[in-house]
Structure formats: C-alpha cells, structure tokens
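Reviewing the structure listed below.
The values are calculated or read from the model by the stated rules, or taken from the named source; none is laboratory data. Please read these numbers as outputs of a predicted model, since none were measured by experiment. Cβ: placed from backbone, ideal geometry, glycine included. Neighbour counts: every protein chain shown. Quick note on the areas: whole protein, heavy atoms, side chains included, nothing else; ligands and nucleic acids left out. Shrake-Rupley method; radii C 1.70, N 1.55, O 1.52, S 1.80 Å.
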Amino acid sequence: MLRPWAALWIPAVLLCRAVAQYSSDQCSWRGSGLSHESHRRDVEQVYLRCSQGSLEWLYPTGAIIVNLRPNTERSTEHMAGLHVCIKPHAYSKGSHVYLEHNGDLRLLLAEKDQLQGTVHCFSLAEGALFVEAVPQTDISRRITAFQYELVSSQGPGAHMYPYLHPESVTCKPCSDEEVLMAVCTSDFAGSGILRSVASGTDDHSAVVVTLSRLFRQKSGVFAWGGAKGRGWGGRINVPAQCTLHPGGDEYLLTGSIYFGEAWLGCAPRYKDFLKLYITAQRAGTNPCEIDTD
C-alpha cells in the first residue's frame, strides 16, 4: 500500500533529473548521494541489464529506482517465471528498499533488516526496486549495498530454493525427465556421499559432501581433496523442511549456485539414476551425454 507521504515521491519519479549514473558493463552500479546532496528529493533512474551484479550507493540521499532486466530478449512466458533475488551486505545501511509498481510502494527490506544479509526474492513482473534514503542529519559512513541475481522459478530443482517459495518449499523427488535434464543443465552435477550436516539457519542446513565424480560445476564451489584426498569436497545447502541422512548410499547431486553457494536440486540415488540414464541412452532420448564410468 502506498504510504501517505510516499505519494510525494511519485511526481519526482516522473520528473527525475537526467543525472542517472550507469556502470560501464550495465551489470553493477556505484553512485553517491553527494552528487545531488543539495536536492534531497531527487529520484534517479538506474538500469541494469545482467543476470547478476551489485549496487553500492554511498551517502544515500533522496531515492533511486533500480530497473532490472535480463540482457537478452525473452518470451513473455519465460519472463513470467523470472525472479529477482537481492542479498544485502551486512554493512548495508541508510536506506529502505521497496517494490514500486504503478506508483504503489511495498516494503521489501527495512534498513534494520539488512545487517542479517538474508536473501529476498520477488517476481520481475512485480515492478522495480525503489531504494529510499532514510533522512539523516549526518550521512557519513552510510552505504547501501547489495548483490542481485535473476533466478528462474522454473526448471529442475527450482522448488528447493526457499527464498523463491518461502511458504511452499517442497521436498518431492524430481521426475525422470527432470533428473535427466538436471544433470545436463544444472549449475553443478556429480555423484557422491553425504558426510555430515553442518550448522545452518532457520531456512536451511548445510550438508558436507564428497563427490567421487564431478560432471560439471558453474564455479569452484567444490574443491579437489575430499576424504583422504580423493574426490571433490564442499557444502550443499538444503531447505530446512527436507530431511537428509548422511552416510550410506551414493547420490546423484545436482543443483544451482546462488550468491556463491550451492543449493540442492534433484538428488536421486546414483544407482537409480544410472538405470534411468542407460534406458534413455538406448532409446536416444537423453538431452546430453555424460561419462558415467
């Protein structure tokens, strides 16, 4: 709901000065409120066109509108499933973050909540980010800073990311088709064992794993040198609602990388995956080929 005083910002949104600052790669933006400190009611437009990046606003005054879009043309159907996730830095302060859509503001992240560094997601169709400076007599040592990522709510394992579906995270197994697609398209895919459950948060726990095979990984979240120097070791985040039992069976482990951390997606027993993969290989229906030896 639009707060009574917030209506004062709307004309400024429409008449904002043409002084918006842009990054050279359009992925990240860094600006300073001192550039218009004498115009504390100014609203600047920021346009970011990448799948991930960051924003850093030093000495915030006035407000900025952050318009986030992918850097490629996408179908309307695909855009409907696209979400923006932001993760504030623990030192972030000086602003409240709202969602702005057709002149209405909805609080997404209050200033006091940013020090927790918790991820917050919203649908791209819900609007732009409206970052409003908290009025201060002294703006020194105040920086609003967060990372952002564009995340699809569709595809294998997407239902396991708790910040996309905070009220409806499910731990249901992936279908055969989803498993075969996950091993080809996930940010990471490998086979290994669950060693232990490390400490986590109310939203998730972290599982220590050792992978004997690593088919793919988007970034170096798994490092060579698992148990006794064999395999790749690392941690995979699992929603708190999902129960895992370390030890025992070997699993196919797939998932996504969000803000530099691995999140579990499809994870059938490896022997069950092998049967499924070999059957699909013989039928010529595999979406990709991997070395299972």
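Out of everything in segment 263-277 that is among the aliphatic types (A, V, I, L, M) and at pLDDT 95 or above, what residue ends up being surrounded by the most Cβ atoms within 10 Å (Cβ to Cβ)? Before the answer, list the steps.
Restricting attention to segment 263-277, the residues satisfying the condition of being among the aliphatic types (A, V, I, L, M) are 264, 267, 274, 276.
If we keep only those that are at pLDDT 95 or above as well, we get 274, 276.
Values: L274: 14, L276: 18.
Applying the filter and picking the extreme gives L276.
Note on segment 164-174: residues that are more than 18 Å from S186 (Cα to Cα) and either of a type outside the set (D, E, K, R) or at pLDDT 80 or above (or both) total 5.
Looking only at residues in segment 232-260 that are charged (D, E, K, R) and within 14 Å of A189 (Cα to Cα), the one that is least open to solvent (accessible area, probe 1.4 Å) is E250. Is it the case that some residue within segment 221-231 is surrounded by fewer than 17 Cβ atoms within 10 Å (Cβ to Cβ), out of contact with any Ser or Thr (no Cβ under 7 Å at 6 or more places or on another chain), of a type outside the set (S, T, Y) and within 26 Å of E167 (Cβ to Cβ)? Looking for residues that are surrounded by fewer than 17 Cβ atoms within 10 Å (Cβ to Cβ), out of contact with any Ser or Thr (no Cβ under 7 Å at 6 or more places or on another chain), of a type outside the set (S, T, Y) and within 26 Å of E167 (Cβ to Cβ), one finds none in segment 221-231, hence no.
The set of residues in segment 91-102 that are part of a loop (DSSP other than H, G, I, E, B) and surrounded by fewer than 16 Cβ atoms within 10 Å (Cβ to Cβ) comprises Y91, N102. Residue count for segment 103-123 satisfying the condition of being part of a strand (DSSP E or B), under 17 Å from K87 (Cα atoms) and open to solvent by 70 Å² or more (accessible area, probe 1.4 Å): 1. Looking across segment 118-153, the residues that are out of contact with any strand residue (DSSP E or B) (no Cβ under 7 Å at 6 or more places or on another chain) and modelled with pLDDT of 80 or more come down to T118, A125, P135, R142.
Return yes when E289 is closer than 21 Å to S175 by Cβ and open to solvent by 40 Å² or more (accessible area, probe 1.4 Å) and no when it is not.
Criteria met by E289.
The residues listed here are I278, I257; of these, the one that is closer than 30 Å to E149 by Cβ and not basic (K, R) is I257. For segment 124-148, filtered to residues that are open to solvent by 20 Å² or more (accessible area, probe 1.4 Å) and in a strand (DSSP E or B), the residue that is nearest to P88 (Cα to Cα) is Q147. So in segment 118-174, with the set limited to residues that are of a type in the set (D, E) and in contact (Cβ under 8 Å) with a residue 60 or more places away in the chain, which one is farthest from R69 (Cα to Cα)? Top of the filtered list is E132. Would you check which residues across segment 150-183 are over 27 Å from P246 (Cβ atoms) and open to solvent by less than 20 Å² (accessible area, probe 1.4 Å) and list them? Within segment 150-183, V151 is the sole residue that qualifies. Quick one: which residue in C50, C27 is in a loop (DSSP other than H, G, I, E, B), surrounded by 15 or more Cβ atoms within 10 Å (Cβ to Cβ) and either modelled with pLDDT under 55 or touching a Gly at 6+ places or on another chain (Cβ under 7 Å) (or both)? Within the list C50, C27, the selection yields C27. Enumerate the pairs (first residue in segment 70-88 and within 19 Å of A158 (Cα to Cα) and at pLDDT below 95; second residue anywhere and open to solvent by 60 Å² or more (accessible area, probe 1.4 Å) and assigned to a helix (DSSP H, G or I)) with beta-carbon separation below 8 Å, excluding pairs fewer than 6 apart on the same chain, so at least 6 apart or on different chains. Qualifying pairs under 8 Å: M79/A125; A80/A125.
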